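The values are calculated or read from the model by the stated rules, or taken from the named source; none is laboratory data. What you see is a predicted model; the values in this text were computed from it and never measured. Cβ sites come from the backbone with ideal geometry, for glycine too, and all protein chains shown count toward neighbours. Surface accessibility is based on the protein's heavy atoms, side chains included, excluding ligands, DNA and RNA. Shrake-Rupley method; radii C 1.70, N 1.55, O 1.52, S 1.80 Å.
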Amino acid sequence: MNNLISLLTTIVGKDYIFTSSEKVAEYNLGTFPHKNTNKIVIKPANTAQVQQIVKTINQYNLSNDDSKFAISTVSSGKNWGYSAQEPSFDNAILMQLSRIKELDNYDDKQGTITLTPGVTQQDLYEYLQEQGGKFWMDATGSSPECSIIGNTMERGFGHTEYGDHFNNVCSFEVILADGSLINTGFKQFSKNGVIPVAADCYKWGIGPYVDGLFTQSNFGIVTKMTLWLMPKPEHFEAFFISIKDEDKIADLIDALQPLKLNGIIKSSAHIGNDHKAIQALSFYPWKKAKNQTPLPESIKNTLKKKFMVNAWSVSGAFYGTKAEVKVWKKILKQAIKPVTTDIKFIDQSTLNLAMKFKGILSLITGIDFNSNIPLLEKVFRLKQGIPTNYFIPSTYWRKKTPPKTIDGLDPTQDNVGLLWLAPIAPIDGQHVKAMVKIINAIQIKYGYEPGLSITLLTERTLDCVVSLVYDRDIEGEDVKALACHDEMFEALTNKGYFPYRLSSHAHEAYSKIDSSLIPQLKKIKSVLDQQTVLSPDKYGI
Ligand SMILES: Cc1cc2nc3c(=O)[nH]c(=O)nc-3n(C[C@H](O)[C@H](O)[C@H](O)COP(=O)(O)OP(=O)(O)OC[C@H]3O[C@@H](n4cnc5c(N)ncnc54)[C@H](O)[C@@H]3O)c2cc1C
């Protein structure tokens, strides 16, 4: 192994490889218990170094029968609540690509840009602003320091019309397990610096379309990707809909469904329950609850009143001309009328007014507008693709000591317990009702508040993100949270509600489910990665 370390050190330099258990331990932190750990951390500076690292490990494995190594790749490694930087196998060489930071080929006519794994949400946002803000990006609710490629590799999603991230990318540059470099789409035909003209605009290329093979998998390391950007609309208006009666959620979903299908609502509308809103606005009232969990109903109701939170709240946005938005607003109002009339449309000037008068409003009404209007502002801005740190503290909900600052918060360093489970269903009220019933019953049984958000993600599907938020400093909580997760995973998948992405913990339960495809993917893996150098067992492959 020492021999391998010295070979790798020659490639990246001694400052970019960590082997001491103390330093590597920082990369083994997580928001729930880990089964697998990293043994070495390496941070290449460019694609050529990635290739050399992969080739070197291949060579080492070939000549060492009893000591084999494999690489686990992350871009920024902030996959909090899903895996953080945990590998899919033990004793991994963690390759972190955050140093490879390039924004290139910005096309301000077609709205395309090429980026590398080190480019974060914040980097892209600032770059687009510097270019005049003609195009908007999509942003997630996670840290501005999250990698765009990292999120896309897990097929994550955000809040705008471009919220389904994998839907808006093309032309991958990929390093395969033997160290060779390939391009997908039309870019495969690039020659002597000449790139086929539609490479960044037409994602299917010619022949088999393979980009999906490199997401949620272990077939290669993506070192470049083209991202499609949203033209800044002439007019932007966010909408916020609320219902007081939690049982009306199915009716509300069914009222929104045709609008999503026919393209009136193009943004990925986000629907949070009361727990989710309370967790974004406050921390667990341990004293008031006399250390009892889950949150007593009476305290929940007091908090709902204090922050003016309803059973379910929808947020979405319209992007278009002023005339278009006017028509869409009317259609939306009409569509939800049988369920609720509580709908607010917010444009920039309304938001400015609300921000200005939030203090006075709080005084007059006794409602904490000082907290809930800034939340509304952050949601409004997310729908314009502006990344924010604002939502990270919500993961500290159960901590006895709330965080002192928002900037630079890292839940893994503060022993926050966080585990997501994100089942997908058709946009249909009955499916939502069924999922909510399962999730509520199991979470409450284990003593957790069922914080839920539902995102109308595509024209036909919604994603229900279940958050298991707890405090890892409390003895026994890790075991309890995992048991709660496993029971939900089993109950949901048994009813056909499969997650759109897996946490490292869910890999075990996932591997027990029969699949007609995974055995074939394993065959592809054995051809592409004969030495099993890239993330063995990831997503069951
Ligand atoms: C409060 C909060 C809010 C969140 N909101 C959202 C949200 O709105 N939407 C959302 O999607 N997620 C959300 N998350 C989850 C998560 O933080 C984000 O998805 C985040 O973008 C993933 O981390 P990352 O970008 O650092 O990716 P990484 O951790 O770098 O990568 C994620 C995974 O992708 C693979 N991968 C990474 N880079 C490569 C590569 N170059 N080649 C091949 N495979 C690669 C690896 O398997 C890696 O483990 C949230 C988390 C928190 C705590």
request  = Determine how large the accessible area of K134 is when every protein chain is in place; take a 1.4 Å probe and give Å² rounded to the nearest 10.
outcome  = 100 Å²
key: Selected from I241, L7, S142, residue furthest toward positive end of dipole (the chain; charges at beta carbon)   = I241
Solvent-accessible ranking of D342, D178, largest area first, probe 1.4 Å = D178, D342
key: Rounded percent of accessible protein surface that carbon and sulfur make up, the chain, 1.4 Å probe   = 52 percent
message = If you wrap a convex hull around the alpha carbons of the chain, what volume per residue comes out, as a whole number of Å³?
response = 161 Å³
key: C-alpha long axis of helix 429-445 to longest principal axis of the chain, angle in °   = 80 degrees
query = Given labels modelled 7 Å from the Cα in the Cβ direction, how far is it in nm from K23 to I367?
reply = 5.3 nm
key: Rounded accessible area per residue of the range 235-504, 1.4 Å, Å²   = 44 Å²
ask   = Hey, got the dipole for the chain? About the Cα centre, +1 on K and R Cβ, -1 on D and E Cβ, debye to the nearest 20?
value = 1120 debye
query = Which loop GluC sites (Glu not before Pro) in the range 230-283, with loop taken from DSSP, have no more than 14 other Cβ atoms within 10 angstrom of their Cβ?
reply = E234
inquiry  = Which one, Y209, Q85, N415, is farthest towards the positive end of the dipole of the chain when Lys and Arg carry +1 and Asp and Glu -1 on their Cβ?
reply    = N415
remark   = Ordering T140, T10 by the accessible surface of their heavy atoms, 1.4 Å probe, largest first, yields T10, T140
message = Against the empirical 2.2 N^0.38 Å scaling, what ratio does the C-alpha Rg of the range 64-222 come to?
response = 1.08
request  = Give the peptides 181-190, 58-67, 313-322 in descending order of average Cβ contacts within 10 Å, highest first.
outcome  = 313-322, 181-190, 58-67
query = Highest mean first, what order results for 42-55, 269-282 on Cβ atoms within 10 Å?
reply = 269-282, 42-55
inquiry  = Suppose a student asked you for the relative contact order of the range 440-493, using Cα pairs under 8 Å spaced at least 6 residues apart; what percent would you report?
reply    = 30 percent
query = Per q in 0.09, 0.12, 0.15, 0.17 1/Å, what log10 I(q)/I(0) does a Debye calculation on the alpha-carbon atoms of the range 235-504 return?
reply = -0.42, -0.77, -1.22, -1.53
query = What's the center-to-center distance, using Cα atoms, between the range 1-51 and the range 66-118 in Å?
reply = 13 Å
task = Can you bin the range 2-97 into rounded, prolate or oblate? Criterion: square roots of the alpha carbon gyration tensor eigenvalues sorted a ≥ b ≥ c, rounded for a/c under 1.5, prolate for a/b above b/c, oblate for the rest.
result = prolate
task = Sort the range 429-530 into rounded, prolate or oblate with this rule: let a ≥ b ≥ c be the square roots of the eigenvalues of the Cα gyration tensor; rounded if a/c is under 1.5, and if a/c is not under 1.5, prolate when a/b is larger than b/c, oblate otherwise.
result = oblate
request  = Quick one: dipole size for the range 235-504, taken about the Cα centre, charges +1 on Lys/Arg Cβ and -1 on Asp/Glu Cβ, in debye to the nearest 20.
outcome  = 900 debye
query = So which chymotrypsin sites (Phe, Trp or Tyr not before Pro) in the range 190-248 are both in a DSSP loop and have at most 13 other Cβ atoms within 10 Å of their Cβ?
reply = W204, Y209
inquiry  = If I stretch the segment between K134 and D537 completely, what's the gain in nm (0.36 nm per residue apart, minus their alpha carbon distance), one decimal?
reply    = 140.9 nm
ask   = Relative contact order (percent) for the chain, with alpha-carbon contacts under 8 angstrom and 6 or more residues of separation?
value = 18 percent
request  = Starting from the residue with the highest accessible area, list R99, R398, R472 in decreasing order, probe 1.4 Å.
outcome  = R99, R472, R398
ask   = If packing is taken as the mean number of other Cβ atoms within 10 Å per residue, what is the order of 85-96, 526-537, 327-338, highest first?
value = 85-96, 526-537, 327-338
query = Given H placed 1.01 Å from N in the peptide plane, which residues other than close sequence neighbours of A84 have an amide H under 5 Å from its amide H?
reply = N79
inquiry  = What FRET efficiency comes out for K109 versus D66 if R0 is 51 angstrom and r is the Cβ-Cβ distance? Round to the nearest 0.05.
reply    = 0.35
Relative contact order computed over the range 56-179 (Cα-Cα under 8 Å; 6+ residues apart), in percent = 19 percent
task = Identify, among T340, F69, G133, the residue whose Cα sits farthest towards the positive end of the charge dipole of the chain, taking +1 on the Cβ of Lys and Arg and -1 on the Cβ of Asp and Glu, with the dipole about the Cα centre.
result = T340
Only Lys, Arg (+1) and Asp, Glu (-1) charged, at Cβ; the range 281-370 dipole about Cα centre in debye = 140 debye
key: P(r) histogram, all alpha-carbon pairs of the range 347-388 included - 5 Å bins from 0, percent   = 6, 25, 28, 22, 12, 5, 2
query = Heavy-atom accessible area of L457 with all protein chains present, probe 1.4 Å, nearest 10 Å²?
reply = 20 Å²
